[in-house]
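The next block holds one structure in the form of structure tokens; read it before the comments.
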Amino acid sequence: MPEIRFGTSGWRAVIAQDFTFDAVRLVTKAIALHLKNHGHKGEEVVVGYDTRFLGDQFALEAARVLKSEGLEPVLSHRDVPTPVVAYEIVRRGAAGGINITASHNPPEYSGIKFSPAQGCPAPVEVTAEIEEIIAGLQRQGGLSVPAENIATHDFAPAYCNRVKELIDFDALSQRPQKVAYNPLWGTGRDYVDRLLREAGWQVDCVHCKVNPGFGGRRPEPSPSEMPDFVEMLSAGHYALGLATDGDGDRYGVIDSDGGFIPPNQVLALLFHYLITQRGFEGGVARSVATSHLVDRVASFHNREVYETPVGFKHIAKYIMDGTVAIGGEESAGLTIKGHVPEKDGIIACLLLAEMVAKTGASLNKLRDELFDKVGRLYSERVDIPLSSKRIDEIRDRLNEVEKIFAHRGVDHLTSLDGRKVVFGDGSWVLFRPSGTEPVVRFYAEAASEDVLKGLIEEGIRWLKG
């Protein structure tokens, strides 16, 4: 069995190649030993899974391992969104949670995500300890557990009741709209659509049946992965098109004219909305790869910005201590003050619906109004698939990045995660090897499309050189 390492958000691998029942048993036992080493004996551990192939069986096996180690598994009765698992952990006061999910990865992948008692993604020091335990167990050989029955539980009612406390359902009910919702064959079905229907909205749900193959695409709510949905919205029959990824922790939104609203802009729009319409206190936490548009909103309202490495585990602490009104990433993950410290695509979709209902304006109009206040920025991310050897070479050469952009007037650098170069005019670039896939991600942002194009050309030339 190959070495098992936790990336930005858990451990992921190809099903039947590296992600096997033996591997699930091994990782689960390591998590169980970690919990017991920290005094969690006999306590509950929440177990969930997404709609991927054999997800329910992998989750059942994980629950059996926990039971054999003297912990009490609380197994979901069906596939369940990651934020719902997070809320169940917090609500029960459980020792933690294990989720069988590979989020938005291609269909052939599955994964294991561990969350501690706070419901947030496990921090690096925790996953490092679990990895060390895994390595020790690998040297001991295979594991087996009794094939006993495990009771299952419905996590949905408690989560939905909490969402109703966080979302202004009066605003939704007073101005019902017609929307389309696309869970991309994932776990979000019966959450976004159900809650909006309860508020009196008409919801046309597409791709709502379970399909472990995700229609032959990645279950990622981006225009490239849901072209049929974009085309459906282009007809102009809906106020909004809302989507969630495979495990419901990321979101996608399409305006009434079929235009996709990038997550970078969504985060800025919602931050502005929460301040002006909901009276939220606090600043904003964003990853180093996220647009500085949200910084401009923070400056406009005299709020603080907290920059973090990529990975929601770094943003989670600012949500847990109430420092920020909202925290989010350019990769379409966000949460708000008072909610779980985990990405939640469901709450994002409902907040967007609430914002449209309460303001009576389209997202395009709201975005243009925000640009009038803080100025416009153009952002882009390019993912470059490369061999492991080439990625290692680039990682070793990241401190050379600023040299290729020296002619642009470098203002400052950061190595918070990858290598970020910020220029005197406020534009910036970031080179960052992915923590979940064999790609190098290149980010760029500028106040004009021409400058952005130039930055991207220079960055790709260096990556492929």
(message) Let me spell it out: the conditions are (1) within 30 Å of residue 108 (Cβ to Cβ); (2) part of a strand (DSSP E or B), and residue 417 meets all of them except one. Which number is the exception?
(response) (2)
(request) Could you check, for the range 209-222, whether at least one of its residues is surrounded by 14 or more Cβ atoms within 10 Å (Cβ to Cβ), in contact with a strand residue (DSSP E or B) (Cβ under 7 Å, 6 or more places away or on another chain) and either polar (S, T, N, Q) or at pLDDT below 95 (or both)? (result) yes
(request) Could you list all residues from the range 134-151 that are in contact (Cβ under 8 Å) with a residue 60 or more places away in the chain and under 19 Å from residue 21 (Cβ atoms)? (result) 134, 137, 138, 142, 143, 144, 145, 146, 147, 148, 150
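Conditions (1) over 17 Å from residue 313 (Cα atoms); (2) modelled with pLDDT under 95, marked per residue:
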position: 92; (1), (2): yes, no
position: 97; (1), (2): no, no
position: 103; (1), (2): no, yes
position: 112; (1), (2): no, no
position: 123; (1), (2): no, yes
position: 126; (1), (2): no, no
position: 129; (1), (2): no, no
position: 132; (1), (2): yes, no
position: 137; (1), (2): yes, yes
(request) Could you tell me which of the residues 74, 80, 84, 46 is crowded, with 19+ Cβ neighbours inside 10 Å, farther than 23 Å from residue 220 by Cα and under 21 Å from the mean Cα position of the chain (by Cα)? (result) 46
(message) What are the pairs with Cβ atoms under 8 angstrom where one residue, in the range 404-425, is over 20 Å from residue 461 (Cα atoms) and the other, located anywhere, is buried (at least 17 other Cβ atoms within 10 Å of the Cβ) and of a type in the set (Phe, Trp, Tyr)? Sequence gap at least six, or different chains.
(response) 411/423
(message) Take the conditions at pLDDT 95 or above, among the acidic types (Asp, Glu), on the phi < 0 side of the Ramachandran plot and buried (at least 23 other Cβ atoms within 10 Å of the Cβ) and apply them to residue 255. Does it pass?
(response) no
(request) Report, by residue number, each residue of the range 123-162 that is among the acidic types (Asp, Glu) and outside any helix (DSSP H, G or I). (result) 148, 154
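Would you say residue 260 is within 22 Å of residue 177 (Cα to Cα), surrounded by fewer than 22 Cβ atoms within 10 Å (Cβ to Cβ), of a type in the set (Phe, Trp, Tyr) and in contact with a strand residue (DSSP E or B) (Cβ under 9 Å, 6 or more places away or on another chain)? Let's see the steps before the verdict.
Values: within 22 Å of residue 177 (Cα to Cα): yes; surrounded by fewer than 22 Cβ atoms within 10 Å (Cβ to Cβ): yes; of a type in the set (Phe, Trp, Tyr): yes; in contact with a strand residue (DSSP E or B) (Cβ under 9 Å, 6 or more places away or on another chain): yes.
Yes; evaluated as a whole, the condition is true for this residue.
Of all the residues that make up the range 374-399, how many are part of a helix (DSSP H, G or I), exposed (fewer than 12 other Cβ atoms within 10 Å of the Cβ) and not small (Gly, Ala, Ser)? Before you say what the answer is, go through the steps one by one.
Within the range 374-399, the subset part of a helix (DSSP H, G or I) is 374, 388-396, 398-399.
Still in the list and also exposed (fewer than 12 other Cβ atoms within 10 Å of the Cβ): 388-389, 393, 396, 399.
Imposing the further condition that a residue be not small (Gly, Ala, Ser) reduces the set to 389, 393, 396, 399.
Number of matching residues: 4.
The values are calculated or read from the model by the stated rules, or taken from the named source; none is laboratory data. Keep in mind that what you see is a predicted model, and the values were worked out from it rather than measured. With ideal geometry, Cβ positions are generated from the backbone for all residues, glycine too; neighbour counts draw on all protein chains shown.
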